[in-house]
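In what follows, a single structure is set out as structure tokens and then discussed.
The values are calculated or read from the model by the stated rules, or taken from the named source; none is laboratory data. In this text, all values refer to a predicted model and were calculated from it rather than measured experimentally. Here the Cβ is made from the backbone with ideal geometry for all residues, glycine too, and neighbour counts use every protein chain on show.
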Amino acid sequence: MKKIFVSLLMVMPLAASAQSVFTVESNGQKYSFPLESTTITVTDDEPTQPAQAPVYKSNLKGVSLFGKATTFQFKGMSLIADYMWAGKLMPKADDTFKFQATTNTGSDLYFGPEGDANAPIAVSGTATKGSTKFYTIESGYQQDSVLVVFNERTAQYSVMGLVKEAPYYTIDFEGSKWSALIDTPEYGGPLLYGADGGGFSKDEGVYEWTDEVTSLHSKLNNAWGSWAYWSGGAAISNYHCDIADGGSNTQLSLPTETPAHSGDNFLVTYGYNDGSPYATDSRAILDFQDGVARQIKGMWITNNSYFLHSLTQGDRFNQAATDDTFIDVTFEGFDAAGISQGIVKYRIQDGKKSLTDWAYVDLSSLGKINTLKINYEFSKDQDNGAGFAAPAYLVIDDIEIYK
């Protein structure tokens, strides 16, 4: 058997998203050691025969993680060094776990916090043999896998990759300032379409808003010399209507049975850019009015009544969804120079199934950005020959921005 040297990863701190393999080398070959198994696989461009996994010393038959974090199933840990076991967990708030060890004679031993009560998990510590209590994962940790390491000889444990989440502010669009931005009627109202309903011919009194804490801002787009919601924008609303009544006149309405994600108010964006010669770039834009780049943690989204009516019943512009239909909303971040920092996609129409509940979209991968633009990708049946035919609306609530 070839001799394999294991990298000394145990003494090195891991990044926020814990590694799932250990890398080893043998005679110039590199191997990956998955934590979920004891099989070593070759990772070279030209693989050779897998080598036999190293045999480590242990006085136990196995060690598992057990608790709410494992849905109260025994999640086996892997022997990664002499008397050292490791396994992965997701640090979800209020989840619990303890260590369960099986001896070579088949007896079960449990290791957990000392005392008579559950205890918050620490980055490292010593578990107590025979404990009936659990370690508790508190709120405020990033939702990335962590690596839990347990020493069977000393009962010491370490949690690698456990990182506190940065504080953030939530824009819920509640209060008199936001409610004053709700237009009446929903289509053709003076706030979104000007006094005569035909748009603003001058950049005076054009609908826009800015959050006082985060400086998040939006303003109606300009197209063909005027500003109006039909050119793209983000409007505050609290309207509801039945899906059967969904249409342009109820464009700012959630379905009757769908409340705002929190409070009463929410945001409805309109606009898209499909590259069609028949339309302008009307993507809804969110930016930061003070020019300072910030990281958007995420937001809650759903569909409005108009979109749901169109995709279920069809309308004069668009046909109802089929089994092959898909529509993805895209969130693209840009820096101050207008250079894209990445795109996050979320499917709001999958075949005949539409998004009807609130869904959380994590935008943290975009990093710090100056501008966010909302657009759509779609199946061919949602192009009526003149471009994107589905109602290009998105309902948003509770936008989270890191402080």
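For region 352-377, residues that are in a strand (DSSP E or B) and within 30 Å of GLY291 (Cα to Cα) total 13. Suppose we keep only residues that are assigned to a loop (DSSP other than H, G, I, E, B) and at positive phi within region 317-351. Which one would you say is nearest to the chain's Cα centre (by Cα)? Ranking the qualifying residues of region 317-351, first place goes to GLY351. For PHE334, the criteria (1) within 16 Å of THR356 (Cβ to Cβ); (2) free of Cβ contacts under 8 Å to residues at least 40 places away in the same chain hold in every case but one, which is (1).
Taken over region 378-403, residues that are crowded, with 16+ Cβ neighbours inside 10 Å, part of a strand (DSSP E or B) and on the phi < 0 side of the Ramachandran plot amount to 10.
Filter region 115-127 for residues that are assigned to a loop (DSSP other than H, G, I, E, B) and either closer than 18 Å to VAL149 by Cα or among the basic types (Lys, Arg) (or both) and give the result. Within region 115-127, ILE121, ALA122, VAL123, ALA127 qualify.
Take PHE72 and tell me if it is among the aromatic types (Phe, Trp, Tyr), loosely packed, with under 12 Cβ neighbours inside 10 Å and modelled with pLDDT of 90 or more.
When the stated conditions are applied, PHE72 passes them.
Taking region 155-263 as the region of interest, the strands (runs of 3 or more DSSP E) fully inside it that hold 3 or more residues being of a type outside the set (Val, Ile, Thr) and touching a Gly at 6+ places or on another chain (Cβ under 9 Å) are 156-160.
Somewhere in region 181-190, is a residue in contact with a helix residue (DSSP H, G or I) (Cβ under 9 Å, 6 or more places away or on another chain), surrounded by fewer than 16 Cβ atoms within 10 Å (Cβ to Cβ) and modelled with pLDDT of 95 or more?
Going residue by residue through region 181-190, those that are in contact with a helix residue (DSSP H, G or I) (Cβ under 9 Å, 6 or more places away or on another chain) are 181-189.
Checking which are surrounded by fewer than 16 Cβ atoms within 10 Å (Cβ to Cβ) leaves us with 184-185.
The next check asks that each one be modelled with pLDDT of 95 or more; those that pass are 184-185.
Within region 181-190, one or more residues are in contact with a helix residue (DSSP H, G or I) (Cβ under 9 Å, 6 or more places away or on another chain), surrounded by fewer than 16 Cβ atoms within 10 Å (Cβ to Cβ) and modelled with pLDDT of 95 or more.
Can you name every residue in region 36-69 that is modelled with pLDDT of 90 or more, farther than 26 Å from GLU165 by Cα and surrounded by 12 or more Cβ atoms within 10 Å (Cβ to Cβ)? If the condition is that a residue be modelled with pLDDT of 90 or more, farther than 26 Å from GLU165 by Cα and surrounded by 12 or more Cβ atoms within 10 Å (Cβ to Cβ), then SER58, LEU60, LYS61, GLY62, VAL63, SER64 are the ones that fit.
Considering (1) surrounded by 22 or more Cβ atoms within 10 Å (Cβ to Cβ); (2) closer than 23 Å to ASP381 by Cβ; (3) of a type outside the set (Val, Ile, Thr), the lone condition that PHE288 does not fulfil carries the number (2).
Look at ARG347 and say whether it is basic (Lys, Arg) and touching a residue at least 60 places away in the same chain (Cβ under 8 Å). Answer is no for this residue.
Which of the following residues is surrounded by fewer than 16 Cβ atoms within 10 Å (Cβ to Cβ), farther than 27 Å from ALA101 by Cα and more than 18 Å from the chain's Cα centre (by Cα): GLY115, GLY175, GLY140, GLY130?
Result: GLY175 is the single residue among GLY115, GLY175, GLY140, GLY130 that is surrounded by fewer than 16 Cβ atoms within 10 Å (Cβ to Cβ), farther than 27 Å from ALA101 by Cα and more than 18 Å from the chain's Cα centre (by Cα).
Among the residues of region 291-320, those that are crowded, with 16+ Cβ neighbours inside 10 Å, of a type in the set (S, T, N, Q) and over 17 Å from LYS345 (Cβ atoms) comprise GLN295, ASN304, SER305, SER310, ASN318, GLN319.
For (1) part of a helix (DSSP H, G or I); (2) in contact with an Asp or Glu (Cβ under 8 Å, 6 or more places away or on another chain); (3) under 20 Å from LEU254 (Cβ atoms), each residue gets a yes or a no:
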residue: ASP274; (1), (2), (3): no, yes, no
residue: TYR278; (1), (2), (3): no, no, no
residue: PHE307; (1), (2), (3): yes, no, yes
residue: LEU311; (1), (2), (3): yes, no, yes
